[in-house]
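A short write-up of the structure that comes next.
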Amino acid sequence: MKKYCYGICFLISVAINISFGVNLYIGDGPNQEISCRSSLTWSEKAAAEAEAVAAISCSGHGRAFLDGSISDGQPVCECYGCYSGTDCSELSPGCAADANSGDPIYLEPFWMQNAADTAVVISGWHRMSYEYADDPMMSPELDKYIRKLHSVAGNAITQDRYIVFGVGSSQLLSAAVYALSSQNSSSPSNVLASTPFYHLYKDQTRLFNSKNFVYRGDTNSWQTNNTDVIEFVTSPTNPGGELKKSVTGGKTILDHAYFWPQFTPIPGPSDHDLMIFSLSKLTGHAGTRFGWAIIKDKDVYDKVLNYIYLANAGISKDTQLRVLKVLKVAMKADGKPFFEFAYNQMSDRWNRLTSVFSKSTRFSIQRRHPLHCNFFHQTRQPSPAYAWVRCERQEDNDCAAVLNAGKIIGQSGSTFSAKDRYARLSLIKSQDDFELLMQRLTELVSLENHNIEMI
């Protein structure tokens with residue numbers, strides 16, 4: 001009897017171990033999420049290298065990177081503006097606040113808090129082919145998550161639409177003009193935008209110098225009727241942050257780079273023939289260079305897709321994997337943690353900025369109007385990515401120069417085809433950049449009122 005019992009126990013033990021092994025290495029089927037093995041092999045070194053570099057603090061005023069410079073066998077800190085030294089601990093006195101670029105580093109803290117869920121380790125043989133199994137250029141899984149993202153944010157209709165990936169929204173803007181333009185070189189399409197507008201619309205159209213389309217300027221100065229028009233509509237606008245609609249009623253390219261809950265209340269899903277979005281302004285991953293277009297018409301979709309294929313044979317498979325990883329985290333709990341974090345960051349910056357400008361008669365910024373946001377289910381004020389500053393004194397006809405004299409670097413109004421009485425200041429850079437911007441603005445305004453306290 002004892003031998004019999006021992007035999008039964010042995011068989012049960014073997015069965016349990018087999019079951020455990022199958023579950024660990026195979027799982028419950030193709031739909032189960034990938035589980036981590038208890039021991040790593042080839043990825044162990046890569047993970048250790050990544051963690052070692054990420055652990056370099058750079059005094060909190062910079063970052064070290066795996067692909068950065070090496071000195072004495074150690075990664076070199078890349079310091080934020082106005083900081084220097086081997087560990088970025090030295091602040092340069094009298095340094096100008098750089099509010100020129102739209103580099104969205106303000107979201108870096110969120111991704112550091114979610115380091116484990118957004119890290120990507122890939123094998124040396126990861127997707128070496130040009131193509132996916134189910135699609136030549138685009139990840140079907142990423143396509144699915146982008147559609148889910150818009151459903152969660154409630155900012156765009158994707159049902160019965162086509163999606164095309166591009167190298168940032170910049171490439172898709174030119175692809176859209178190509179796809180919508182006239183095929184008759186003797187009668188080219190007229191490309192228009194409403195002032196102030198993102199300068200790339202004009203610059204790219206002129207650069208490609210096509211016989212099928214030509215840049216014509218501001219929509220409000222365009223008088224000719226019954227002509228072939230392609231209109232860029234930026235909504236929210238860059239730099240003002242206002243929601244806009246088409247002026248001409250012709251063929252329209254909706255640039256929705258900033259149409260996300262952290263920048264503007266979402267009144268409802270956008271439902272247009274051609275809409276363009278950018279990862280950089282959604283999650284802050286500008287260096288990943290990824291954007292997408294949502295297109296209604298099959299012929300337009302085919303032309304945009306052909307443009308992307310001829311330009312670079314598709315988008316990097318490594319890029320698409322990273323975007324997929326990032327979006328999965330951004331959409332956790334229906335996007336609430338991510339969008340709340342991003343909105344709180346922007347809202348706080350606008351509250352502080354508004355407080356400074358409220359004490360000035362020399363400078364003013366754009367007015368913001370509260371709207372009901374369907375994502376947050378409440379009425380909120382917009383918190384645009386940029387401050388559109390106006391110099392009110394008659395003699396201050398070059399506002400960027402006035403700000404520069406106060407050690408603030410911004411972009412002139414003429415960059416956006418507006419008057420130079422205006423200047424744009426970026427509010428989406430790092431916290432260090434924003435704090436220095438607030439310091440310089442406070443100092444500048446204090447020249448009008450000497451009793452203003454530092455905010």
Within region 334-432, GluC sites (Glu not before Pro) in DSSP loop having at most 11 other beta-carbon neighbours inside 10 Å: E395
Accessible area expressed per residue, the chain, with surrounding protein chains retained (probe 1.4 Å, Å²): 52 Å²
Highest to lowest packing among 53-60, 380-387, 102-109, scored as the average C-beta count within 10 Å: 380-387, 102-109, 53-60
Solvent-accessible area, 1.4 Å probe, carbon plus sulfur percent, for region 56-95: 51 percent
Debye equation applied to the C-alpha atoms of the chain, log10 I(q)/I(0) at 0.05, 0.09, 0.12 Å⁻¹: -0.23, -0.69, -1.16
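Taking square-rooted eigenvalues a ≥ b ≥ c of the alpha carbon gyration tensor, is region 227-343 rounded, prolate or oblate, where a/c under 1.5 means rounded and, failing that, a/b exceeding b/c means prolate?
oblate
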Hits among lysines - C-alpha to C-alpha of K325 under 22 Å, sequence gap 8 or more where chains match: K45, K144, K148, K281, K317, K336
Cα coordinate range in region 56-95, projected on the principal axes (Å, largest first): 33, 15, 13
Ordering of 84-97, 122-135, 430-443 by packing [mean C-beta count within 10 Å, highest first]: 430-443, 84-97, 122-135
Percent RCO, i.e. relative contact order, over the chain, from Cα pairs under 8 Å lying at least 6 residues apart: 18 percent
All-pairs alpha carbon distance profile, region 141-285, 5 Å steps from 0, percent: 2, 9, 19, 23, 20, 13, 9, 4, 1, 0
Sparsely packed trypsin sites (Lys or Arg not before Pro) within region 185-222, loop by DSSP, other Cβ within 10 Å at most 16: K211
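The values are calculated or read from the model by the stated rules, or taken from the named source; none is laboratory data. Being a predicted model, the structure only gives us computed values, none of them experimental. Because the Cβ atoms are built from the backbone with ideal geometry, glycine has one as well, and the counts that use them run over all protein chains shown. Note: areas computed on protein heavy atoms with side chains; ligands, DNA, RNA excluded. Shrake-Rupley method; radii C 1.70, N 1.55, O 1.52, S 1.80 Å.
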